[in-house]
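Below is one structure, written out as structure tokens, with a few remarks after it.
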Amino acid sequence: MKLFGSSGIRGITNRDVTVDLALKVGLAVGRKNKSAVIGRDPRVAAEMIEHALISGMVSAGCDVERIGLVTTPTLAYASRDFGCGVMVTASHNPAEYVGIKLWNPDGMAFDSLQQEEIESDIDAGKFIHIDWDRIGKITEDSNAVREHSDMILRNVKPASIRVVIDCGCGAGGTITPYVLREMGCEVITLNAQTDGHFPSRNPEPNDANLWMLKKAVREFEADLGIAHDGDADRMMAVDENGDFVSGDEMLAIFARYECKPGTTLVAPVDTSMIVDDALPDSRVIRTRVGDVYVAEEIKRSSAAFGGEPSGSWIFPRISYCPDGIYAAARLVEIVQDNALGVLRRELPKYPTKRGTVVCDDMKKSRVMDAVKSRLVPLGTVSDIDGVRVGMENGWVLVRPSGTEPKIRITAEAREGVDELYMMAEKIVKEFLQ
Ligand code: MG
């Protein structure tokens, strides 16, 4: 049975992701590892799922260290001393979701092969229940956040700007305000109290959800606004004018600092043409959508930097795990010398339109086949992930979401982006009937 999507196991609590499933995942992980570290985001169901995972792992003889409520990058960093890391999180999804994501000691999420091994062990019921006197030990460690903060602080210079940070009641509240204050910034926090109901805003840090941050940056006359998703592997920003910085702009700005001429940048197929235009002296490799595919390609091609416009930035000298806290600290370093609004104005601009059409998971592949047949005659087609058609004036990408019952449409064009988007949307809706 397929359990893992592009971001691990994720679904609605007690419907898709249950304690029975978590116990089996724990048993499968525990059979293959002598030790594991486990953390969780503040979701209401996270601790319940954590307990089931722990029971499975120790029952199979694996020692488990608990590091409590942490961000995903904190857990990924802590994994360096263990056989693997286990994070209970549903990232940016709404409060009713919960999920499980597995990590290797080098900060790389489990790849498709490792995930398939777990799936087939679960399908075959290939579990071991060890003798009573050899079951794994459960220990607790409260130093993980401090160790992760120290690592980041060793890698950034002091800064003294005024920053507003919106943690969205997610796990970022445990670490990012502290790190930025230690750098020397004046930090104003919004929603830094963790709360699994996410009462302040939807955990996804997009333009529409960050109205409070944009307002606060203007009212406090801050130099920068920072926002995280629920588990703070993502980071998005608001410039000194209180304007949301798009993911494509953010990717291009980071890449300009990280990619020296001749180096490689990795980005998914839905990334804007501005990235290619902003980095004429770098090679740009495009991958399937999903931060794990970007991370794998960064490792394979020894790239200097990579990221996803959704807010995942991967700095391979720090980790293969997207680290929203390090990204925030790195952006503060950049903004200390250059206003973000000015950096944005240096970038080319092409209108982009992104949207989704609701589509039952069962129908996705049938709809995609039909959409592909319709789009092929229109231009150069790439099907590395969904269907991307490049035309003279721009491109359009239609792809099924890996985590939600939706089909995503992205269009970018020098002119006529709305028409291009609507054309694609019309085709998708036609085949949904
Ligand atoms: Mg996340």
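The values are calculated or read from the model by the stated rules, or taken from the named source; none is laboratory data. Since the model is a prediction, treat every value here as computed from it, not as a measurement. FYI the Cβ positions are ideal-geometry reconstructions off the backbone, even for glycines, and counts take in every protein chain you see. Ligands, DNA and RNA are excluded from the accessible area calculation, which covers all protein heavy atoms including side chains. Shrake-Rupley method; radii C 1.70, N 1.55, O 1.52, S 1.80 Å.
Does at least one position in the range 258-281 carry a residue that is on the phi > 0 side of the Ramachandran plot and more than 16 Å from the ligand (Cβ to nearest atom)?
First pass over the range 258-281, keeping only residues on the phi > 0 side of the Ramachandran plot: 262.
Applying the additional criterion that residues be more than 16 Å from the ligand (Cβ to nearest atom) yields 262.
Looking for residues that are on the phi > 0 side of the Ramachandran plot and more than 16 Å from the ligand (Cβ to nearest atom), one finds at least one in the range 258-281, hence yes.
Here's a check for you: in the range 314-338, which residue that is open to solvent by 40 Å² or more (accessible area, probe 1.4 Å), part of a loop (DSSP other than H, G, I, E, B) and away from the ligand (no atom under 16 Å from the Cβ) is modelled with the lowest pLDDT?
Here the answer is ARG317.
I need the full set of residues from the range 208-224 which are open to solvent by 70 Å² or more (accessible area, probe 1.4 Å) and either among the small types (Gly, Ala, Ser) or in a loop (DSSP other than H, G, I, E, B) (or both), in order please.
Going through the range 208-224, the residues open to solvent by 70 Å² or more (accessible area, probe 1.4 Å) turn out to be 208, 211, 215, 218-221.
Residues satisfying the conditions are ALA208, PHE220, GLU221.
Kindly evaluate VAL156 against the criterion of being away from the ligand (no atom under 16 Å from the Cβ), surrounded by 15 or more Cβ atoms within 10 Å (Cβ to Cβ) and part of a loop (DSSP other than H, G, I, E, B).
Details: away from the ligand (no atom under 16 Å from the Cβ): yes; surrounded by 15 or more Cβ atoms within 10 Å (Cβ to Cβ): yes; part of a loop (DSSP other than H, G, I, E, B): yes.
In short, yes.
Among what's in the range 1-25 and is part of a loop (DSSP other than H, G, I, E, B) and open to solvent by 40 Å² or more (accessible area, probe 1.4 Å), pick the residue that is nearest to the ligand (Cβ to nearest atom). Walk me through how you get there before you give the answer.
Restricting attention to the range 1-25, the residues satisfying the condition of being part of a loop (DSSP other than H, G, I, E, B) are 1-4, 7, 14-16, 18.
Within this subset, residues satisfying the condition of being open to solvent by 40 Å² or more (accessible area, probe 1.4 Å) are 1-2, 14-16.
Working: MET1: 24, LYS2: 21, ASN14: 21, ARG15: 21, ASP16: 18 Å.
Filtering the range 1-25 for residues that are part of a loop (DSSP other than H, G, I, E, B) and open to solvent by 40 Å² or more (accessible area, probe 1.4 Å), the one nearest to the ligand (Cβ to nearest atom) comes out as ASP16.
Out of everything in the range 263-274 that is over 17 Å from the mean Cα position of the chain (by Cα) and either closer than 18 Å to HIS228 by Cα or at pLDDT 95 or above (or both), what residue ends up being surrounded by the most Cβ atoms within 10 Å (Cβ to Cβ)?
Initial filter on the range 263-274 (over 17 Å from the mean Cα position of the chain (by Cα)): 263-265, 272-274.
Going one step further and asking which of them are either closer than 18 Å to HIS228 by Cα or at pLDDT 95 or above (or both), we end up with 263-265.
Numbers: THR263: 17, THR264: 18, LEU265: 28.
Across the range 263-274, the extreme among qualifying residues is LEU265.
Output yes when any residue across the range 252-260 is farther than 22 Å from LYS349 by Cα and buried (at least 19 other Cβ atoms within 10 Å of the Cβ), and no when none is.
Looking through the range 252-260, none of the residues is farther than 22 Å from LYS349 by Cα and buried (at least 19 other Cβ atoms within 10 Å of the Cβ).
I'm told SER91 meets every condition in (1) part of a helix (DSSP H, G or I); (2) among the hydroxyl-bearing types (Ser, Thr, Tyr); (3) under 16 Å from the mean Cα position of the chain (by Cα) except one. Can you identify the failing condition by its number?
Exception for SER91: condition (1).
Of all residues in the range 365-379, how many are basic (Lys, Arg) and either in contact (Cβ under 8 Å) with a residue 40 or more places away in the chain or under 15 Å from LEU420 (Cα atoms) (or both)? Explain how you work it out, then say what you get.
Pass one, the range 365-379, residues basic (Lys, Arg): 366, 372, 374.
Retained after the next criterion (residues that are either in contact (Cβ under 8 Å) with a residue 40 or more places away in the chain or under 15 Å from LEU420 (Cα atoms) (or both)): 366, 374.
Here the count works out to 2.
Return the pair list, or none, for Cβ contacts closer than 6 Å from residues in the range 300-313 that are open to solvent by 10 Å² or more (accessible area, probe 1.4 Å) to residues that are in a loop (DSSP other than H, G, I, E, B) and of a type in the set (Ser, Thr, Tyr), at least 6 apart or on different chains.
Short answer, once both residue conditions are applied: ALA304/THR263; PRO309/THR271.
Any residue at all in the range 232-244 that's within 16 Å of the ligand (Cβ to nearest atom), assigned by TED's automatic domain parsing to the domain that holds SER200, assigned to a loop (DSSP other than H, G, I, E, B) and touching a residue at least 60 places away in the same chain (Cβ under 8 Å)?
Yes, the range 232-244 contains at least one residue that is within 16 Å of the ligand (Cβ to nearest atom), assigned by TED's automatic domain parsing to the domain that holds SER200, assigned to a loop (DSSP other than H, G, I, E, B) and touching a residue at least 60 places away in the same chain (Cβ under 8 Å).
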